[in-house]
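Structure, as structure tokens:
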Amino acid sequence: MADQPEIAIVLGTRPEIIKLAPIIRHCRERSIPHTVIHTGQHYSDSLNDVFFAELGLPEPEYELEVGSASHGKQTGEMIVEIEDVLLEAEPATVLVQGDTNSVLAGAIATSKLSIDLGHVESGLRSHDRTMPEERNRVLTDHASDYLFAPTDQSRRALREEGIPDERIHVTGNTVVDAVEQNRTLAAERSSVFDDYDISRGEFCLLTAHRAETVDDEDRFASLLRGAGRVADALAREIVYPIHPRAANAVDEFDLVIPDGVRTIEPQQYLDFLALESEATLVLTDSGGVQEEACILGVPCVTLRENTERPETLAVDANVLVGTEPDAIHEGAVEMIDRTPAWPNPFGDGEAAERIVDAILRDEDRMTVTG
């Protein structure tokens, strides 16, 4: 065991916890030394620490509690804090996942030290450089030693940017691992349908939380009007677990939640997974929810002009509509009767094993040749 590397896993948001949980579990099952560094980018317990307990994970070894701030201040504080931890823990490899400020901060701190950097879910591109997430993921990819691309399309995007082939590993997406590990548990444990009197298979699910969506009064109001039209046209209630950011925007802008759209509290992961599994249609501005809906066989309408998950479009599991009410209505009508016969483009649920194996193989090689 002494010749195995120590892996440090940097995370800070709910999606990162969910998608890195399979890697943490895999390290624990194989007794691979690892350290979890939680930046605290999501600072609300309802969106953060509770997921560790719910997913059966131990508490992180390091909790930085950075919290909310401007992009520059938040990222800068995380770089300083992460560097201090890495100098203390001395891991051989750091893993980050996705495209948040925690990811960029972890990438910058690691790249300044003699530590390998691995980017889980690399190669995703929306080709919209106005998105902070797009800049984060591009910068992180180009700083990384290991680029764990979920699909061949992601690998092609990396090659087109001149990244050497030997640094790219197509592994599948750990979201498949997470969904497969947790969907049965969600069905058994979740009481969300009884708690909110929701009829399985008779509702649509809405998520809208991105800054470019809910921080723009006109855009958010337009999205809500579109959701109301969908509820009316499909004669189905739309259930909206409303993110605190969105709830604050509703109050600040004095927006009206349309008839047919019911807001509920943000849900823990297993409850949200249960809702996704039993919805007839998902409307979302989230990249991760696009993936999960595709994996679960639930038609999806994406409330954005672009997506870094084009695989969902290619298999006809998803449609892009933006936030105009007419387009949302048309997209929902198009997708509601879509037969979920599409193939899962995100892998077979063994991404975590492939990611860890790639790191161990390289460490073994360096031990032999060194």
Enumeration of residues in segment 194-212 that are crowded, with 16+ Cβ neighbours inside 10 Å and within 20 Å of ALA293 (Cα to Cα): ILE198, PHE203, CYS204, LEU205, LEU206, THR207, ALA208, HIS209, ARG210
Condition check for HIS38: at pLDDT 90 or above and in contact with a Cys (Cβ under 7 Å, 6 or more places away or on another chain): no
Inter-residue pairs, beta-carbon under 6 Å, first at negative phi and in segment 265-281, second part of a loop (DSSP other than H, G, I, E, B) and surrounded by 22 or more Cβ atoms within 10 Å (Cβ to Cβ), 6+ apart: ALA279/VAL298; LEU281/PRO299
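Regarding GLU83, is this residue at positive phi and either touching a helix residue (DSSP H, G or I) at 6+ places or on another chain (Cβ under 7 Å) or touching a residue at least 60 places away in the same chain (Cβ under 8 Å) (or both)?
No.
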Hits in segment 133-152 - residues which are more than 22 Å from ALA92 (Cα to Cα) and either of a type in the set (Val, Ile, Thr) or touching a helix residue (DSSP H, G or I) at 6+ places or on another chain (Cβ under 6 Å) (or both): ASN136, VAL138, THR151
Scan of segment 243-277 for residues that are within 20 Å of GLY201 (Cα to Cα) and in a helix (DSSP H, G or I), ordered by number: TYR269, LEU270, ASP271, PHE272, LEU273, ALA274, LEU275, GLU276, SER277
Residue match in segment 57-75 (condition: touching a residue at least 60 places away in the same chain (Cβ under 8 Å), polar (S, T, N, Q) and assigned by TED's automatic domain parsing to the domain that holds GLU134): no
Test: residue in segment 189-207 that is more than 30 Å from ALA249 (Cβ to Cβ) and either within 24 Å of the chain's Cα centre (by Cα) or modelled with pLDDT under 95 (or both): yes
Residues being assigned to a helix (DSSP H, G or I) and either surrounded by 16 or more Cβ atoms within 10 Å (Cβ to Cβ) or modelled with pLDDT under 95 (or both) - total across segment 320-338: 8
Hits in segment 278-308 (condition: among the small types (Gly, Ala, Ser) and part of a loop (DSSP other than H, G, I, E, B)): ALA279, SER286, GLY297
Test: residue in segment 225-237 that is within 26 Å of THR13 (Cα to Cα) and crowded, with 17+ Cβ neighbours inside 10 Å: no
Failed item in (1) more than 30 Å from ARG167 (Cα to Cα); (2) surrounded by fewer than 18 Cβ atoms within 10 Å (Cβ to Cβ), with VAL301 passing the rest: (2)
Test: residue in segment 42-62 that is loosely packed, with under 14 Cβ neighbours inside 10 Å, within 19 Å of ILE24 (Cα to Cα), among the acidic types (Asp, Glu) and touching a helix residue (DSSP H, G or I) at 6+ places or on another chain (Cβ under 9 Å): yes
Options PRO266, PRO241: the member that is in contact with a helix residue (DSSP H, G or I) (Cβ under 7 Å, 6 or more places away or on another chain) and at pLDDT below 95: PRO266
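Going by the structure shown, is GLY67 touching a Lys or Arg at 6+ places or on another chain (Cβ under 9 Å), at positive phi and not in a helix (DSSP H, G or I)?
Criteria not met by GLY67.
The values are calculated or read from the model by the stated rules, or taken from the named source; none is laboratory data. If you're wondering where the values come from, they're calculated on a predicted model, not measured in any experiment. Cβ atoms come from the backbone with ideal geometry, glycine included; neighbour counts cover every protein chain shown.
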